[in-house]
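Asks: Attaching a single structure in structure tokens format; questions to follow.
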Amino acid sequence: MDIQLTIDTTTLDKFVGLAPKKLAYACANAINATALRIQNDIRAHTARSFTLRPKTREFMLREAAILKPRASVRDGRPFAEISVGQKPGLLLPQFEAGGPRKPVVGKHAAAPIIGAARPTWESSVAPELTFKRLGFIERPTKQDVGRFVTVLDRLGRKRKRRRKAAIWGKADTRFRLHITAAGQRQWKGQRRAFILTSTVKAPLGGVYQRIGPGRDDIRMIYSFVAEQQLRDVLEFLKIAETVGQGYFAEEMENQLNDVLVHDLLKAVA
């Protein structure tokens, strides 16, 4: 008996032709799913390992793991990037390896005292005790900086020009210096605050505030420190490698299974 079968392979040929494209999308989806898992794990670790204050919690978690760009077949990008925020003044990247944190300006940095400038470790510095509100730097007056400035015209000749109001704040500023009865130098600020460059208990000095009429009715609200040691607690690379190695293969298999099941159901429909 001779049995002849005629099979229409049009549908099969169509799916086979689309296989490379389907595989590319499966890879991109697996990469992005893995990257998202890494991002979530890093942020969760950051929330556990750092004391995040309410005002900056959302910002810090967002900067701890930035997922951009993502893998894209359309853009021809077979990878995703996850990074730590690099904004000016952001210390998060330095917590990966740890090490000394040097002052940004000057030789010393002002560390707020818990229970004084900063009510609790979890809270931010009290608004009225920030350096800006304490007003240590004295803004100059017109008499201090002069009403006119000397400029050069187009021919190189010197001319006097009336100083604009916007220039007052840009002129040289100075601290208000006060010499005590004991001959000690103090730099005065608002809210009865003052700076001492050196004391017996604080060799590098600090910011103090008078809280009563007595001679000893003062408290330290900032201490000056030369540098601080940052711990290596971010673990960005460790988490990324662990999650990447353990999750990508599983997610890739899931993506391929989804493609095969989808195509099979479509073929028999």
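Asks: Mind scanning Lys22/Lys68; Lys87/Lys132; Lys107/Lys160; Lys107/Lys132 and naming the pairs with a C-alpha gap bigger than 27 Å?
Replies: Lys107/Lys160
Asks: May I pose another question? Please work out the FRET efficiency for the pair Val73 and Arg231, using the Cβ-Cβ distance as r and a Förster radius of 30 Å; give the result to the nearest 0.05.
Replies: 0.15
Asks: Output wanted: per-residue J couplings in Hz (rounded whole) for segment 217-232, from phi through Karplus 6.51 cos²θ - 1.76 cosθ + 1.60, θ = phi - 60°, x for Gly and Pro.
Replies: 7, 9, 9, 7, 10, 9, 10, 8, 10, 6, 7, 10, 8, 9, 7, 8
Asks: For the residue pair Glu241 and Phe131, what label-to-label distance in nm results when each label sits 7 Å from Cα along the Cα-to-beta-carbon direction?
Replies: 3.8
Asks: Stretched out fully, how many nm does the piece from Ala111 to Thr56 gain, at 0.36 nm a residue minus the Cα gap?
Replies: 18.0 nm is the gain from fully extending Ala111 to Thr56.
Asks: Also: Which of Asp216, Asp41, Asp75 has the fewest other C-beta atoms within 10 Å, and how do the rest follow up to the most?
Replies: Listed from fewest to most nearby Cβ atoms, that is Asp216, Asp75, Asp41.
Asks: Along the Cα→Cβ direction, 7 angstrom out, place labels at Gln186 and Lys160. What is the inter-label distance in nm?
Replies: 4.0
Values in this text are rule-based calculations from the coordinates and carry no lab data. Keep in mind it's a predicted model, so treat the numbers as computed, not measured. Virtual Cβ from ideal backbone geometry, glycine too; neighbours counted across all protein chains shown.
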